[in-house]
Structure formats: structure tokens, C-alpha cells
């Protein structure tokens, strides 16, 4: 059996949770008996495409291909060139003849790629892996109110029309109709969190098609626990992620400044993250002001690469995930757990689901610097708390585990298809 | 005295038996009715007879209503009359009494206390409409004699140099003001004035009547008739004497003018006789006083509509009247009705002219004018048109004018250019001038050579139904195509997209890809960008050539497959006259179109329930509708053609559905909402997004529709509003 895994981008060219998870899945499925996998990733500038085809090879992997695209209709999540889909993507599908297709994201390809799969491969099972809320929410798929940054509880055209009055509820319904017309052709939706699944179920996807499978992690060698000196405390905090308004860096640094000096002592917050310069100017100014206010309590270490993580984790006791949006299943949670680090996380969405309060981490009230400061104070001042939470950590699923679970899902879908076909053939 | 009733037709079928049927000559019949429970419908469509028209008038009587109806064939009864709404059916029976004598009709009128003068006017118009006026001239002359009352004598007949007829004599009734003057047949507009005479005993008095549009020969009659106070008065001509004409005629009138007593407008008509006549020369340009004027343009339609735009510079207020005239009797004082417009440029242009130096107030800018005149075509046919500027000191200046033919709506842009959103009197300009003129403009035929037709994917399959869809926004079409893909609808529909030719260089290729991708079939029609929505839809329908047309704008999206079958099934059950549309609801769950005939729908909306919650409507069976949404409807092509197509001569989009609904109704179609088929209604633009220009066009369209409704609902459409050529 062969699965085609389609990702909007390749992790060799673009780091991101979805592309890492999809590539890990590709590697994991390959290890399953009776299964092979092919990985097709989107790619764009600055790579130069061929004149006659957007299809490209990845010379370092025989079972990996690239599909070049440039224009993309972000509002509809649609391709602006269905001619290219028909001429090249469908040609590729027909040639490859996968038994199952698993899409991760539709960026670059366009949501119409789902129909292309049907056109080219008939009733081959299509699995769509959900990584965020893009189909539901036109605000970059974050389900955050664009003006107030408040958490969005419900997406309907009328509600969304208030977020985008210049677009209007009618066009948001058009968008939803368009996207759902393609998602309706999907056989199963996989999500790495129950929270995400519940949001899609509320949005109208059939519950019987929704499946929760954790992302698999290929974490390498686990970092050792930080050695403590005489009288040392577990008071090294780490932040790993983008420095954008939704990852909660302002809440975190603000909280750090609120911890009394006698409690903070020699505690340190290490911030690993980049792209601050790409954020809105007022956000940049606010973050820099907070960094100045926090002084030596915060050490800004800059961006990092995945393979640096084991080394960086050596100096960390606690991972802090203060995101002010829902998140789904952030890979940083799995990475922290892989390295045995308890997590302090916002009490919403995928974070609240994946981090068990009092078991392998602590929750604080989202967007509330006082609550986070109290939680960090508790972490600093409770000598046995870290050990207790460290002991409660379960190892995250590996790529091979996830590959096996997906292979099982694919086989069920294939069996269901065979069952559907059987009576049809008999009738004929 | 009883008056004619303008009462809406009853809504309950009634059996109507005429008391007598009159055959006045020509191919028509006059049905007389007495003791009716309700007034007769003023217009009706007939069935079960060769007659194709019904025009009626009713008047109240102590026992109910009496009336008469003119039927456009020598019918004797046994047919059905349907009122314009198509709902009420009157069974018209036969009568034992049949006559060709005017005396019998006169007896009916006199015995029932009918307003004879109005009914004679009505009869003249109605017989004219059915082409029977000529054959009924003798009958009408007899009827005049039979229904009139002798009231006085004509002693002097004058044929003024300026045309028309001037009568002088005495009457028992004091004649004053506007009236109709009859010879043998239909009357013409005239003015009357009285003057005191010592030789007749009060209340008798002298009279003068002037009919500027009189075209009859004096030898035809020894008798005149005037309608006065709803009575017909007979004026017998005393011993025939030669009419006074030429310069003597002018002198005669000038001599009697100081003695005349009448309202100002009537006196003005008499004064006009004594003024200088138009000799084909431009006397305005040589005038040295502080008055000048010009005509920028006069658009003229074949039916006599004139749209006049020009200006008058009169800083000292010397001008008494500005009259548009023709050498065949047109006489329209413009200053009583014109729309004034800012022309500040004239202040600058004439500021240094010796005639105006130091006289022009720079704050005064309302020099421009626009005016619509609805003239009888005969008053223009072969005639010279000119502007007469009457000064207060009674002299006149003349300006010859030319008409720019406006034979189709392709030539109306000068009218649209006069409409400015910031004009504080825009509403009046539209209602009184733009709309009345535009209503007379013939619609230009669709010019297929100006369209480009290209097949999409494998081209149309030639099925029963073609969906005609105007395409303005590709992003609106995407969800339509996506929702159609792999459905039974897609298999049963040819899509005909109509798009702007401008900017469509890659459109065909892109659509071809999309159609192939989604498994659709159809055609792309490219039309010039200035074509209206209605004309675009018509262009698509013309190209489609399918027995059924689904008008489908991308503003609506199906909620679930199966809608086309639901519409078709309902249409088949409801019959060939049914036009069906799905239930339409907004994204918030409120209704846009759900049918319903009771209650008033807001302006432009197709449904009285618009904005109400969807759950107020059930899904069981068709719901009769007042109107149809232009966003989507399924109609038989033949029915659509009978209604005149989709275009309707409107300029905007908002009222296309309302206009189409009314035209369909006039040809007997019935509107239905089919709740089993349900669509989303996705407004293209919220109310705040409506530009001033669009709002202005919407107003214009609404006024045009009102004009047509008024024309369709009156027994005498159009004619009564026309400038009859007499002095008014």
C-alpha cells in the first residue's frame, strides 16, 4: 500500500509544526509493514520553477517531490490556477497511483486539490490532517478577534462578519460554502488534539469523520536534567517560539517583572525566538520596553534550530507556553516532554488539553500576567513540585507510533471502500 | 352630478349581463351595464372571444353602478374578462337588446345620469385605441346631438393667422377657462372667456372660445359642442358667414381682448393670437435687450417625447413665458414645468457682453433648464419647432430649434448626464422629466454582432434548461461552481455566463479551466461593459436558446443539491404560466424571498416577509408570490419572450426583479416560491455601500416603473398625458 502525504511546505525549506509533523509521518508510515509513502511538498520563491511544469524533484530523496506555486487565494484557501492542478498535479497523481492520500494544509495547492484527487484517483480514501483553524477562521486561522485580540468562541458568517465588516457576512458565507464543498469530499479528518476536533465539529464537519491522532516526534537524544548546585532551585524558565503577538511573550515578560525580587533571586527566563522585527511596530516597541524593564531577569537568546534543542534544553527547568490564542498541539509541548521538562501553559485550547495541570505541568489564566507571575512564584518556591511534575510526564508519541496509527486508519478506510464497492459490483 | 369612478377592480368573480350591446360602426362593440354591484374593471384581458381589449368606465347610481365597456371586436358576449392582476374573472353574458343607433346609447347615458361629456371623451379615446374611430364618426356625431343641451349661438367665426379657431357668440351658461370644443367627433382643448353684452338677458353673456389645435373644416358642421360643468352644451352656428381671416382676424381679436373676462391662463391664450407669428427666423439673436436664450439639445422619440435642455439669461426678469412651439400646433409653456439647473458659466460668458454688462448678479446661477414634453407625434411630424420667448411687454422672440432623434435607449446618455446626485431637486427632475421621457424611448434591439460567444469546456449540452448568469466578480462564481460540481444540477444545466468584454482577455481561458475542473458545460457571452443587467441577462437568454431559462445571479448559492428538480417539478405541476423561484434566506437566517401575496413588501424587495425569521415559513408546497427575485427564477422561454424579455429598459439592477414580475404578470404569468428549493441570499453590497450614482439610478428606475404601472393601469394609457397641441 502506498500513501501520498501532501504538505504545503517541506521542512528542509520551511520550519513549521505542520511540515515537521507531516514529514515525520512520512518517515513513520514508511516503517510500517506493507506500507510505502511518498511525500509531496509545496514550494515557492526563491526557488525558480521549470518553464513547463510546477513539479520538481528533491534530489536527496527518491520518495519526495515538490510542487511549485506562487499565487494563492488566501481568502478562499484556493488555488488561482486550477489549470495547473489539472495539467500537473492530477498527472502526478495518476502516475503515482497512491492507495491513500493524506493532505496536510492546502496552502499552495489550494483546497481544490481535494477535488483534483477525486478527479484523478476516483474513490481513493482522502485523509485531511487539521493543523489549525484556517478553514474556519479568515483571521489567519487563529480564531482570535482581529481588533480586540479576544478569543473567538464561535465561527458563523454573521459572527465573522463583525470581525470583517469590510468583507461582509455574505462573502464569509461564500468562503465557507466554497471550502466546505471540497472538505465534503474528504473521508477522514485527523487532528492531533481533541480541542481542534471539537471546533471543527461545531463548524459542521461530520463527527464520524473526525479522528484524533497525536503528531509523532523524532526528538533525537533527550537532554539531561539540569544539575543543581548546593541550595540550587528549579528556577530556569524557557520560552521557545515566534515572537509574535499571539505567542504571549508580552504576558510572559510582564509576569517576570511582577515576581518579587526576593522570590525571583537568581531565576532566569531564556527567550529563544525570532521574527520580532517582522511584527507590527507597536508590538515590537512594547516587547523591547518590557525586556528593558525586566533587565537581567530575561535573557534574549535569539532564534534557534530544531537540532539545537537538546543542547538548549540543558539550561532549562520549566518550559513556558503563554500563547494568547487557542493553539492546537504545539510541537514545543512534545519537545519539552520529550526532554522531561514540566510546562507552564495558558489554560485554554490545545495547551490545556496537552498539559495536565498538577500532573506534568501547571496552568495559568490566559493573558493574565498576575496569574502567570503567581504560577512562576509557585514553581520557584516549591522545592518538590518540579520533581513531582517531572515524574508525571509521559513520553510523546514517536513518528513510528504515529505512522502505525495512521496506517491503521488508512486500512480501515480502504476496507470501508472495499465494502462500498462490493455491493455495487454485485448490483452491476 | 356624478363623476367617473377610479376604483380598483373587484376581487370576486361576478357574472355580468349587458342591458344592451351597441354597434357604433367599425370593428367594436359597446356593452352597457346597469345595476352593477361593483364598478367594471377599467382594463381587462379577454378570453373565449376574438376580441382582444376591454376598456370600461363606471359611474355610481342609486342602485349601485352603471357602466359601459368598449370591446375591440364586434363581440356580442359570452366571453370572460380577466382583470390586469389576472386574478378576477368576470363572465360577460349576452343581451337580447342590440342596436346600432346612437339614440339607444344616449338613452342609456341619460337615464343613468352618466357624466356625458367625460364618457364621450372616453368613447373617442377607446374607439381610437381599437382602430374604430373613423368608422364610428357618424355615430359619435349623433351621440353628441343626442346627449347635448342647446345653450347658445356662434355669431362670429375667426381663423387667426397663428392658426386654430376663434368663435364668438352668446350662451346661457357663462363659459370661462379651459374646456373641450367638439365639432363632429372627438374634442380638442380650448379656452373660453366671457364678455358682457347689452343685447342678451342675464344670465346669458357673450363668449369667445379659442381652440389653437382646431383642424376641422368649418363646412363640416353647423354646430359646435363644449363640455362645461360636466354637461355637453350645443352652440348652433348662426347663418353662415365667411370666417374672418388674415390681418382682420388679428384686429378683431385685439379689439375684443380688453372686454374679455377669464382666468389668466385663458386670457394669455387669447393674447397669443394677437402677437407676432413665427416666420422661420431667429429673432432672438438680433434682440438688443438684456434677454438671451439657447437650446442645447432637444432629444425626440418617435412617440413624441421631447427632452429639452437649454438656458435663459434674463437678469432683469423681462421674460413672461418661454414656450416650445411647433408649426403644427404644439404649444408648451416651459416655465411652468421646467427644472432649473446651475449654469454659472453663463455669468462669465456674458459678463462682458454689452447687453448684460453690469446686470448679471454673480450669485444667481440658475440659468439652465431641462424639461420633458410629451407631444402628439402629429404636432411634430414635418413641423418646424421653435422656442417662443414672450416678453412682459407682450412682444415675442423666436428661436428655431432642431430635434435630435432618440430612436432607442442607446441615445439617452444626455438625459442621464443631466442627473446629478447633489441636485437638491433630483427627485422632481427624475419624476417629472427624466422618467417620463425615458418611458417613451423605444428599447434598442439586442445586437448580436456586439457580443462574443465562446464555448466553455465541452460547450452546452443543449438541454431543457439554461442558467443565465451575469458574471461581475470571479470570487462570487467560485462557490457557485464548487457547489454545482458532481450534482444532478450540473448534469442538467447549461451555464451561460455573461461578462464584460473589457478586461476579459484571459477570462475565457480561466473559465474554461474552471468548467473542466468542476465538470460543468456552457458558454461565455462577452458584452460591452455599459450594458445594463437586464440586457446582459437577455443576451444570455438569447444565446441559450433553451425552452427554460434559469436566471441565476451569483448573489445566491444553493443550500443543498436537488433544488433544480424541486423547481422543475413544481413548475410542471403549476403549469406553463408559472414562474418559480427558490426560497432565499440571508446568512443570518432571515428571509429574503419566501413568497406571500398579502402585506406590502419594502421598496425593491420581492417579498413582504423580507427580514423575518426563516422559521416562519414551512417547506410544504408552493407559495404564491407578489413578485419574483431577479437573483434567481425559472421561467419558460416563451413566457419570458411574451413579457418582453428581461431587460425592461431599466438602467440599474435593483428593480429588475420588480419590473420583470410586473411584466410577467401582465401576460398572465403567476409567481411562486418553492420552499423545497432553498438558497442563500448573499447581498453584494450593504446599504452603506450604495454609491450616490447607484442610488440615483435606482430612483430613476423606480420612477420608470411607476410610469409604466400608471400607463398600464389607466384605461387611456399615455394619451391623456400628451400635449394635445392645443394651448394649455
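Bear in mind these aren't lab numbers, they're just calculated from the coordinates by the rules spelled out. The structure displayed is predicted, hence computed values, not measured ones. All Cβ positions, glycine included, derive from the backbone under ideal geometry; neighbour counts span all protein chains shown.
Each of residue B:255 and residue A:80 was given a label point 7 Å from its Cα along the Cα-to-Cβ line. The distance between the two points is 9.0 nm. For the range B:148-274, the relative contact order works out to 33 percent when only alpha carbon pairs closer than 8 Å and six or more residues apart are counted. With contacts taken as Cα pairs under 8 Å and at least 6 residues apart, the range B:448-688 reaches a relative contact order of 23 percent. Per-peptide packing, taken as the mean over residues of other Cβ atoms within 10 Å, places A:43-54, B:587-598, B:260-271 in the sequence B:587-598, B:260-271, A:43-54 from highest down. A Gaussian network model of chain A, with springs between Cα atoms under 10 Å, assigns the largest mean-square fluctuation among A:300, A:39, A:133 to A:300. Could you tell me what percent of the DSSP beta bridges with both partners in the protein assembly as shown are antiparallel, to the nearest 5? Just about 60 percent of them are antiparallel. Using the Cβ-Cβ distance between residue B:613 and residue A:153 with R0 = 22 Å, the FRET efficiency computed as 1/(1 + (r/R0)^6) comes to roughly 0.45.
Between helix B:656-666 and chain B, what is the angle of the helix's C-alpha long axis to the longest principal axis, kept within 0 to 90° and rounded to the nearest 10? In chain B, helix B:656-666 runs at an angle near 70 degrees to the longest axis.
Taking a ≥ b ≥ c as the square roots of the eigenvalues of the Cα gyration tensor of the range A:132-206, is the shape rounded (a/c under 1.5), prolate (a/b larger than b/c) or oblate? Cα axes put the range A:132-206 in the oblate bin. You can think of it this way: the chain between residue A:304 and residue A:390 has 28.5 nm of extra reach, that is 0.36 nm per residue less the Cα-Cα gap.
Ranked by how many other Cβ atoms sit within 10 Å of their own Cβ, fewest first, the residues A:203, B:214 fall in the order A:203, B:214.
Enter the mean number of other protein chain beta carbons within 10 Å of the beta carbon of each residue in A:64-77, as an integer.
On the way: counts 0, 0, 0, 0, 0, 0, 0, 0, 0, 3, 0, 2, 4, 0.
For peptide A:64-77, the averaged partner shielding equals 1.
Between A:66, A:77, A:173, the GNM of chain A built on Cα springs shorter than 10 angstrom shows A:173 fluctuating the most.
Give the Debye-formula value of log10 I(q)/I(0) at each listed q (0.07, 0.13 Å⁻¹), with one equal scatterer per alpha carbon of chain A, two decimals each. Relative scattering, expressed as log10 I(q)/I(0), comes to -0.37, -1.19.
Which of the three applies to the range B:563-604, rounded, prolate or oblate, going by the alpha-carbon gyration tensor with a ≥ b ≥ c and a/c under 1.5 meaning rounded? Here the range B:563-604 falls in the oblate category.
Using r as the Cβ-Cβ distance of residue B:393 and residue B:600, and R0 as 56 Å, what FRET efficiency do you calculate, to the nearest 0.05? Spell out each step's value before the answer.
Numbers: r = 54 Å, r/R0 = 0.97.
Here the calculated transfer efficiency is 0.55.
Site pair residue B:420 and residue B:201 shows an inter-label distance of 6.6 nm when each label is modelled 7 Å from Cα along Cα→Cβ.
Can you divide the C-alpha Rg of the protein assembly as shown by 2.2 N^0.38 Å and report the result to two decimal places? Walk me through the intermediate numbers first.
Values: Rg = 42.5 Å, N = 1156, 2.2 N^0.38 = 32.1 Å.
Relative to the 2.2 N^0.38 Å estimate, the protein assembly as shown comes out at 1.33.
For chain B, the longest principal axis of the C-alpha atoms and the axis of helix B:116-129 are separated by about 50°. Shape class of the range A:232-297 from the alpha-carbon gyration tensor: prolate, with a/c at 1.5 or above and a/b greater than b/c. Computed from label points 7 Å out along Cα-Cβ, the spacing between residue B:52 and residue A:315 is 9.7 nm.
Counting only alpha carbon atoms, the long axis of helix A:249-258 and the longest principal axis of chain A meet at about 10°.
What share of all Cα pairs of chain B, in percent, falls into each consecutive 20 Å distance bin? Percent of Cα pairs in each bin: 15, 39, 33, 12, 1.
Packing order of peptides A:106-116, A:368-378, highest average first: A:106-116, A:368-378 (average count of other Cβ atoms within 10 Å over each peptide's residues).
Averaged across B:475-481, how many Cβ atoms of other chains sit within 10 Å of each residue's Cβ atom?
Values: counts 8, 3, 1, 11, 12, 4, 4.
Whole-number average of other-chain Cβ neighbours for B:475-481 is 6.
Expressed to the nearest 5 percent, the antiparallel share of DSSP beta bridges inside the range B:448-688 is 40 percent.
For the peptides B:396-404, B:474-482, B:171-179, what is the packing order when you average, over each peptide's residues, the other Cβ atoms within 10 Å and list the highest mean first?
Details: B:396-404: 17.1, B:474-482: 21.3, B:171-179: 19.4.
Going by the mean number of other Cβ atoms within 10 Å, highest first, we get B:474-482, B:171-179, B:396-404.
With the convex hull drawn around the C-alpha atoms of the range A:169-260, the volume per residue stands at 201 Å³.
What is chain B's relative contact order, in percent, from Cα pairs under 8 angstrom and six or more apart in sequence?
Working: 1651 pairs, mean separation 72.2, N = 728.
Computed value for chain B: 10 percent relative contact order.
Take every residue in peptide B:585-591, count the Cβ atoms of other chains within 10 Å of its Cβ, and give the average of those counts.
Values: counts 0, 5, 14, 8, 2, 0, 0.
Mean inter-chain Cβ contacts per residue within 10 Å come to 4.
What the Cβ-Cβ distance of residue B:404 and residue B:335 gives, at R0 = 30 Å and to the nearest 0.05, is a FRET efficiency of 0.85.
Antiparallel versus total DSSP beta bridges in chain B: what percent is that, nearest 5? Antiparallel bridges: around 75 percent, rounded to the nearest 5. Between residue B:361 and residue B:138, full extension at 0.36 nm per residue minus the direct alpha carbon distance yields a gain of 74.2 nm.
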